[in-house]
Amino acid sequence: PNTRKAYARAAADFATWCVLRGIADVRQVQPVHVAAYIEGLQIAAPSIKQRLAALRMLFDWLVVGQVMPTNPAGSVRGPRHSVKKGKTPVLAAEEARALLDAIDTSTLIGLRDRALIGLMVYTFARVGAAIKMRVEDVYIQGRRTWVRLHEKGGKQHEMPCHHNLEAWLHEYIDGAQLAGAKGYLFQSAAGRTGKLSETPMAQADVYRMVGRRAEAADIRTSIGCHSFRATGITEYLRNG
């Protein structure tokens, strides 16, 4: 969904650019027009490459629909861009532990937040995959607790839990009385009642929660949802 929204914005932006230059019919677009548009973008290289990918897909669709004979974006090259070091803020193992230990687990919301952050640290789950999980995606197999993640492109990733994550998930599920339920695993709070709403948490909800938990634990690193995935991967690599 996020990619589709970005591609739609890119197509609309290019259409506006064309109109301002007297190109009123999409069939008039030539490679030189696409190249001029791309060269004139004053944005980061990854964003430029995304815009170009959006235009290629748009014109591919028009070619298939026999609106245009060829794809004018097909021969246009975007800027070179390679990433040698990620920009995602990463927590030290001690900081991640301090953040998790600082969560007040005497409340249901605290149990939820610890389980969610623990899931992202120990499974490297993207926040989008975590909030899509349903209760049945935590299950027992071979006397161990496993989790099922619904990742990008409809892919499912199943993996056994670290013993800490196993304990935190079961404490949360038991505390929320979710065992056997069919709803979402990580549910938003129902106002200030301290109860769950049965509505799944949104990515923005998780981002705000992470900010609150980091501030409460006096974590000075500016972190976001993706930081836990990066932290988990970094620690696993560091430990061989």
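Listed values, structure above:
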| item | result |
| --- | --- |
| 3J(HN,Hα) from dihedral phi, region 41-48, Karplus parametrisation 6.51/-1.76/1.60, rounded to Hz, x for glycine, proline | 6, 9, 9, 5, 4, x, 5, 5 |
| Candidate values [x] 45, 41, 38; [y] 64, 39, 37; [z] 62, 40, 30, label of the one derived for Cα extents along the principal axes in Å | [y] |
| Subset of 155/195; 132/155; 132/182; 49/155; 152/195 violating a 20 Å alpha-carbon distance limit | 155/195; 49/155; 152/195 |
| Computed magnitude of the charge dipole of the chain (debye, nearest 20; Cβ of K, R +1, Cβ of D, E -1) | 740 debye |
| Sum of -39500 (n - 2.57) over DSSP H runs of 4+, divided by residues of the chain (222 nm, nearest 500) | -16000 deg cm²/dmol |
| Stretch gain in nm, segment residue 19-residue 77, where the contour uses 0.36 nm per residue and the Cα spacing is subtracted | 18.6 nm |
| Heavy-atom SASA rank of 159, 201 (probe 1.4 Å, accessible area, largest first) | 159, 201 |
| Average accessible surface area per residue within the chain, 1.4 Å rolling probe, Å² | 60 Å² |
| Spin-label zone in region 196-231 - amide nitrogen under 15 Å from a point set 7 Å from the Cα of residue 162 along the C-beta vector | 227-231 |
| Separation of alpha-carbon centers, region 111-140 and region 209-240, rounded to whole Å | 15 Å |
| The chain: angle of helix 163-175 to the longest principal axis, Cα-based, in degrees nearest 10 | 80 degrees |
| Inter-label distance, nm, simple model (7 Å from Cα along the C-beta direction), residue 6/residue 93 | 3.3 nm |
| Separation of the residue 217 and residue 195 label points, Cα + 7 Å toward Cβ, nm | 3.0 nm |
| Nearby aspartates and glutamates by direct alpha-carbon distance to residue 5 (threshold 17 angstrom, same-chain neighbours under 8 apart not counted) | 13 |
| Region 4-150, accessible surface, carbon-and-sulfur percent (1.4 angstrom probe) | 55 percent |
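The values are calculated or read from the model by the stated rules, or taken from the named source; none is laboratory data. Small disclaimer: the values here were computed from a predicted structure and weren't measured. Cβ atoms come from the backbone with ideal geometry, glycine included; neighbour counts cover every protein chain shown. SASA here: full protein model, heavy atoms, side chains in, ligands and nucleic acids out. Shrake-Rupley method; radii C 1.70, N 1.55, O 1.52, S 1.80 Å.
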